1. Go through V131, T96, P33 and say which Cα lies farthest out towards the positive end of the charge dipole of the chain; charges sit on Cβ, +1 for Lys and Arg, -1 for Asp and Glu.
2. Any idea what angle helix 33-45 forms with the longest principal axis of the chain, computed on alpha-carbon atoms, 0 to 90 degrees, nearest 10?
3. When ligands, DNA and RNA are left out and all protein chains stay put, how many square angstrom of accessible area per residue does the chain have with a 1.4 Å probe?
4. Using a 1.4 angstrom probe and counting only protein chains, how large is the accessible area of E71 in Å², to 10?
5. Hey, what number do you get for the chain at 222 nm if only DSSP H runs of n ≥ 4 count, each worth -39500 (n - 2.57), divided across all residues, to the nearest 500?
6. Enumerate the calculated ³J(HN,Hα) couplings along segment 100-106 in order (Karplus 6.51 cos²θ - 1.76 cosθ + 1.60, θ = phi - 60°), each rounded to whole Hz, writing x wherever the residue is Gly or Pro.
7. How big is D, in µm² s⁻¹, for the chain by Stokes-Einstein at 10 °C and 1.306 mPa s if Rh is the Kirkwood radius over C-alpha pairs?
8. Could you compute how much accessible surface L46 exposes when probed at 1.4 Å, giving the result in Å² to the nearest 10?
Amino acid sequence: YNDATQVGTTDFRLLVQKMKAVNPDGIYFPLIPFDSVSFIQQANQLGLKVPMMTGDAFLQDVIDAVGGMSEGIYFTNSYPEDQPLIENLYREKYGTNSPALGFVAVGFDGVMKIGLALDSSKSVKATLDEVFSPTRTADRVEKIYQVKNGEPVEIN
């Protein structure tokens, strides 16, 4: 089963019923953060009992908002290796904790790569091609996490 929704959707009951009808092995729901809250709550209310997976928009705020209903959900993310350092630097600059530290880290890495290109003796385009080729992405390791006791735990 494959379907799509509009950003801001709050009623997922019909989709959940269609999902249940095909008896899936699992569900992948790549929704933006707070759309996933409604989806998870309604899936739980309608008794959808299959492994659930999502992407890097599955923030701690979403986990907290759905409480125990988030237990066991798998998701990918690129958490920074030195999370306390980046969080402290963000807090010093903006006076608050980052709502999405993984996104801040990815954005920072991208800006640093562009900075390297601007400081290079080569053309900016040539340096960016060198830095980002052949994948056209900054070096990043995506990891798989599962919610356990309300916290993301890396799956090894």
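The values are calculated or read from the model by the stated rules, or taken from the named source; none is laboratory data. Values in this document were obtained by computation on a predicted structure and should not be read as measured data. Note that each Cβ is placed from the backbone with ideal geometry, even for glycine, and that neighbours are counted across all protein chains shown. Heads up: the accessible areas ignore ligands, DNA and RNA and are worked out on the full protein's heavy atoms, side chains in. Shrake-Rupley method; radii C 1.70, N 1.55, O 1.52, S 1.80 Å.
1. About the Cα centre, the residue reaching furthest to the positive side is P33.
2. For 33-45 against the chain, the angle is about 20 degrees.
3. 63
4. Estimated to the nearest 10 Å², E71 gives 80 Å².
5. Roughly -13500 deg cm²/dmol at 222 nm, from the helical runs in the chain.
6. Coupling constants for segment 100-106: 8, 4, x, 5, 4, 5, 5 Hz.
7. Numbers: Rh = 17.8 Å.
Translational diffusion coefficient: 89 µm²/s.
8. We get 50 Å² for L46.
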